[in-house]
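The values are calculated or read from the model by the stated rules, or taken from the named source; none is laboratory data. It should be emphasised that the depicted structure is a prediction, and the values quoted were computed from it without experimental measurement. All Cβ positions, glycine included, derive from the backbone under ideal geometry; neighbour counts span all protein chains shown. For accessibility, only protein heavy atoms count, side chains too; no ligands or nucleic acids. Shrake-Rupley method; radii C 1.70, N 1.55, O 1.52, S 1.80 Å.
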Amino acid sequence: MSEQPITSLKGIGEKTGRLFEKLGVETVRELLEYYPRGYDAYEPPVAIGDLKPDSTAAVEGILKKDGDVRRFSRIAVTVAPLEDATGSLQLTWYNMPFLRTMLKAGSRYVFRGRVVKKNGRLLMEQPEIFTLASYEKMAGSMQPIYGQTKGLGNKTITKAVSQALAARNMEREFLPEEIRSRLELAEYNFALEHIHFPSSRQELLFARKRLVFDEFFFFILSVRRLKEKRQDQKSRYVLRRCPEAERLKNSLPYALTGAQEKVLEEVFADMGSGMPMNRLIQGDVGSGKTIIAVLALLQAAENGFQGALMAPTEVLARQHYQSITELFAAHGIRREAVLLTGSMTAREKRLAYEKITSHQADIIVGTHALIQDKVVYDRLALVITDEQHRFGVGQREALGEKGDRPHVLVMSATPIPRTLAIILYGDLDISVIDQMPSDRLPIKNCVVTPDWRPKAYRFLEREVAAGHQAYVICPMVEESEMLEAENVIDYTGKLRAALPSSIRVEYLHGKMKGKEKNEIMEEFAAGKIQVLVSTTVVEVGVNVPNATVMLIENAERFGLAQLHQLRGRVGRGKSQSYCIMVNCGEEGAGERLDILNRSNDGFYIASEDLKLRGPGDIFGVRQSGDMEFKLADIYTDASLLKTASQEADRLLREDPDFAAPEHQLLGRRLERYLEKSYDQLNL
């Protein structure tokens with residue numbers, strides 16, 4: 001059942017199947033592994049007098065009058081006044097006139113919905129209606145909230161998941177009983193069912209712990225396998241120091257920082273050692289990792305070999321390509337770079353393939369397109385992946401296999417505490433650039449409440465009038481009926497209304513087509529768009545030195561490390577930059593956001609993030625999305641990551657070939673994990 005197409009489920013035809021494909025769900029297994037992004041907890045009703053605006057709540061009360069239907073243009077608005085001992089509340093439904101027949105004066109119900117403040121009074125919009133008995137059955141339960149797409153709502157996804165769970169074949173437990181009982185991990189089938197439909201928070205945390213452990217465990221086992229493959233290998237590519245790289249470094253309009261010089265020396269020493277380099281460069285956004293990559297690529301080219309740089313997005317790949325070609329042209333370096341991305345025309349790709357195969361191109365810059373079968377390199381000596389946490393282990397290895405054991409350099413702007421980096425990048429040596437260029441002005445930060453928004457909009461207006469640009473980050477693409485959070489599409493309309501018409505405001509989100517995203521990012525980079533409203537898709541974005549304002553809505557919904565990454569999109573030019581974080585009042589968020597307010601040091605922030613996140617702290621703070629993890633978060637789940645690492649080491653020490661009967665199913669599951677990692681190469 002698990003490998004069957006999702007259209008094999010009752011009620012899911014081709015049209016709905018195509019909508020599921022947009023979410024990356026094509027098979028029943030992928031549906032079962034499409035975990036909720038949040039949960040809607042049905043809390044006991046609260047008194048009307050205790051309601052707070054911009055929240056979802058349940059209230060129990062008596063209707064003062066019959067429901068009344070009022071018509072405004074094409075909209076029918078049904079209203080009914082509710083009261084309890086503490087106050088009164090207006091209930092409002094749009095285009096549901098049939099409700100009037102059940103909303104009778106004197107009736108007692110529980111209403112649950114979004115509370116908003118309009119014209120100085122509280123309203124509840126589109127509430128669900130329950131009898132006291134039916135709400136009592138729901139109370140305490142947790143309903144899943146899934147990532148959605150236009151035309152495919154939460155109810156349809158929930159129904160499909162429920163059907164898939166009922167029809168699935170139970171999987172044989174692959175984790176040895178000894179590990180499960182010692183670590184108190186749920187049985188796999190139980191965990192899979194209860195991550196979707198937990199009956200309590202405790203049950204959810206128990207299910208999640210098992211699935212998070214699995215994600216870490218298989219990831220670490222695959223990284224260890226990669227390390228094993230590389231041990232004691234010799235390199236065909238011994239790259240001698242070349243004067244051209246030294247000349248370029250010395251003719252740059254700025255001096256490298258001490259940290260950059262140290263890391264560059266480590267990279268050059270590795271490439272000349274006779275052993276394949278496998279090195280990670282960690283450094284904050286703007287710390288100067290890219291110039292080290294360019295100097296390493298030039299060194300490979302000057303030694304008569306090819307070098308490749310793989311970026312996670314087309315926009316970033318194109319920007320790397322342009323900066324390399326412009327830098328080489330400005331300094332008289334006669335080495336050719338070529339760009340290769342998925343959206344290029346067939347003719348453009350063919351020309352790029354020819355240049356690569358014939359070694360007319362010395363440096364190849366691109367996206368996942370670099371690891372496709374059609375690309376044939378000529379003596380590929382150096383492979384660099386940018387924003388490493390966006391690529392899977394399989395993708396990392398596949399690019400390396402395009403050459404004959406080339407040198408591998410990976411770069412990440414995600415500030416991960418060293419203890420965790422050693423686990424996550426267990427096959428790599430780690431270099432850290434912990435010093436920012438001296439000409440960088442520190443970003444000025446402030447944390448504000450929602451009522452400060454009008455001032456923030458005026459500030460945006462002033463910065464744009466001064467010739468600058470701004471980012472606005474929202475946590476959601478579209479409005480969800482269950483989550484209270486600013487969303488990109490509505491917010492764009494709100495900003496267009498609040499700002500002068502001369503300011504061009506556009507939006508960007510991950511569900512847009514690649515071509516659309518590229519066009520928007522390129523127009524923003526070119527200064528044609530002044531304000532860009534986006535989801536975290538800009539976290540790995542282009543370098544826009546002219547952008548001076550980062551306004552982050554619902555900042556309490558993001559992890560500190562991710563907020564720091566987002567903040568790093570500004571402060572890249574010579575002008576003073578600002579980061580405004582809007583805290584919409586989540587309990588405990590003030591303390592976390594204050595850390596960002598005080599510091600611009602990514603590694604300090606990452607270590608503080610680690611201290612503040614407790615076990616089970618999975619609500620309200622957006623998951624980091626690092627590595628290949630669907631559920632796991634390296635900060636929230638740091639202790640489980642360390643446990644998984646210890647278990648992986650112990651298993652590989654005692655039974656490296658998974659030969660023991662109790663390890664054979666686990667070995668087969670690992671093979672499936674690795675295959676899946678490779679299957680994602682052409683995404």
Heavy-atom accessible area of Lys209, protein chains in place, probe 1.4 angstrom, given in Å² to nearest 10, is 70
Pick out, from Thr357, Val69, Leu532, the residue whose Cα sits farthest towards the positive end of the charge dipole of the chain, with +1 on the Cβ of Lys and Arg and -1 on the Cβ of Asp and Glu.
Val69
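Relative to the compact globular guide of 2.2 N^0.38 Å, what is the alpha carbon radius of gyration of the chain, as a ratio?
1.04
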Alpha-carbon centroids, region 38-64 and region 138-193: separation in whole Å
28
Cβ-based net charge around Thr16, under 15 Å, with every Lys or Arg adding one and every Asp or Glu removing one
+3
Return one whole number: the accessible area per residue of the chain in Å², for a 1.4 Å probe.
44
Relative contact order of region 1-40, defined on C-alpha pairs under 8 angstrom at six or more residues apart (%)
45
Residues of type lysines that Lys15 reaches as a straight line, Cα spacing below 27 Å, ignoring anything fewer than 8 places off in the same chain:
Lys150, Lys155, Lys159, Lys511, Lys513, Lys515, Lys517, Lys630, Lys676
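Using just the Cα positions, wrap region 160-259 in a convex hull and report its mean projected area in square nanometres, one decimal place.
If I average the Cα hull's projected area over directions, I get 14.4 nm².
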Using a ≥ b ≥ c from the Cα gyration tensor of region 238-285 (square roots of the eigenvalues), is it rounded, prolate or oblate, where a/c under 1.5 gives rounded and otherwise the larger of a/b and b/c decides, a/b for prolate?
oblate
Helix 154-167 axis, angle to the chain major axis (alpha carbon atoms, nearest 10°):
80
Just to confirm a number: summing +1 for Lys and Arg and -1 for Asp and Glu over residues other than Ala186 whose beta-carbon lies under 11 angstrom from that of Ala186, what do you get?
-2
What number comes out for the charge environment of Gly87, summing +1 per Lys or Arg and -1 per Asp or Glu over other residues with Cβ under 11 Å away?
-2
Dmax and Rg, reported as Rg then Dmax, of region 402-474 (C-alpha, Å)
20.2, 59
Would you mind checking the tilt of helix 314-330 against the longest principal axis of the Cα atoms of the chain, expressed as 0 to 90 degrees and rounded to 10?
30
Let me know the volume per residue of the alpha-carbon convex hull for region 137-217, in Å³.
116
Using Cα pairs closer than 8 Å and at least 6 residues apart in sequence, work out the relative contact order for region 243-381, in percent.
26
Bridge type composition, the chain - antiparallel percent by DSSP, nearest 5:
40
With a cut-off of 19 Å, note down the residues of region 557-582 whose backbone N falls inside the zone around a label point 7 Å from the Cα of Asp451 toward its beta carbon.
581-582
Run through all the Cα pairs of region 300-455 and give the fraction in each 10 Å bin from 0, expressed as whole percent.
9, 33, 31, 17, 7, 3, 0
Return the inverse of the average 1/r over all pairs of distinct C-alpha atoms in region 1-140, which is the Kirkwood hydrodynamic radius, in Å to one decimal.
17.6
Here the relative contact order (percent) of the chain, from C-alpha pairs under 8 Å and at least 6 apart, is 12
With all protein chains in place and a 1.4 Å probe, Thr536 shows an accessible area in Å² (nearest 10) of 20
The chain, accessible surface, carbon-and-sulfur percent (1.4 angstrom probe)
50
Send over the per residue convex hull volume for region 181-331, Cα only, as a whole number of Å³.
191
Helix 258-271 versus the longest principal axis of the chain: what is the Cα-based angle in degrees, 0 to 90, to the nearest 10?
60
Which value in deg cm²/dmol, rounded to the nearest 500, describes the helix-derived mean residue ellipticity at 222 nm for the chain, given -39,500 (n - 2.57) per DSSP H run of n ≥ 4 and division by the residue count?
-12000 deg cm²/dmol
